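In what follows, a single structure is set out as structure tokens and then discussed.
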Amino acid sequence: MTVIGMGEKKTPETFRVSCERFIFLDVIESSEEDAEDTARRASQSAKKNSAKKKTETKKSKVQTQPSLPELPPVPAQATLSGSDEFLGYVPSDTEDEDEDSGITALSDIEAAIVKMITDNSADGKETGLGEIGSRLVKIFPDFDIRNYHYSKLSEFLKDFPSLQVTNRDNAVWVTLKSTPDTEVEKQIQSIFARHNTADMNISMLKSELQDLNPNLDATIRKSGVTRFSVYLNRKIPSVEVNGQRVSLKS
């Protein structure tokens, strides 16, 4: 039996996670209001255009009366102004709400997606958009992109700094962005500085570097190697690897 829950954002988390799927009523109401507002603005715009055409007709002494243009179908979750048009972004009165409004934190969602991609990569598999969507709902029963004012999952994912969304072979794929080697080098130097040392265990260095840079594995693979030690020797000129130790060059 599938358990689907519904409620407001103040619904206790213990109840939300106990459901296989949880839907926020706030999102449904907001979507309906956005659709009504969009339709109203489109209607007002059409009336203004009609009035303008009538005025121009009188000035040019044209006897035929222009007819009202047919309104195009209005997407339920799209806006008609500015850079938001067709980007899947849905403005809402709740846009400035605090992050503790009850929905899953973006950082938790990003971490879950990064783990999906990393695990798939270790198995030699790519990660598709559909897989991410279905797995996110299983991990976070209350996950709904409308909670974050989006209507398209692909556009939602594009705003994460660690993710890259590409269209290929009639499918949408999600990968981790690689980090420039110069930036990785700065991160490594900051780790050494934080420990006030010039020599570290390579496993410890990699672990702390991954905390700073979730894209580390993608960066290493993009460089053409698979081992962290080889990557350091080839791409990071300020360090030297000796067995299980990494040291800063003097």
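Each value in this text was obtained by applying a stated rule to the coordinates, not by laboratory testing. Bear in mind the structure is a predicted one, so any value in this text is a computation, not a measurement. Neighbour counts run over all protein chains shown; Cβ positions are idealised from the backbone, glycine included.
Pulled fully out, how much extra length does the chain show between residue 169 and residue 134, if you take 0.36 nm times their separation in residues and subtract their Cα-Cα distance?
Working: separation 35, 0.36 × 35 = 12.60 nm, distance 2.06 nm.
Stretched fully, the residue 169-residue 134 segment lengthens by 10.5 nm.
Contour minus end-to-end for residue 123 and residue 198, with contour as 0.36 nm per residue of separation and end-to-end as the Cα-Cα distance?
Full extension from residue 123 to residue 198 adds 23.5 nm.
Please give, to one decimal in nm, the separation of the simple spin-label points placed at residue 106 and residue 223, each 7 Å out from Cα toward the Cβ.
Simple spin-label model gives 3.0 nm for this pair.
From the C-alpha gyration tensor of the range 181-221, pull out the three semi-axes of the equivalent ellipsoid (sqrt of 5λ each), sorted largest to smallest, in whole Å.
Details: eigenvalues 60, 24, 13 Å².
Those come to 17, 11, 8 Å.
Just to confirm my numbers, what's the Cα centroid distance between the range 120-187 and the range 203-250 in Å?
24 Å
Let me have the relative contact order for the range 149-250, percent, based on Cα pairs under 8 Å that are six or more residues apart.
Numbers: 103 pairs, mean separation 23.2, N = 102.
In percent, rounded to a whole number, it is 23.
If each residue of separation counts as 0.36 nm, what is the full-extension length gain between residue 183 and residue 238 once their alpha-carbon separation is subtracted?
18.6 nm
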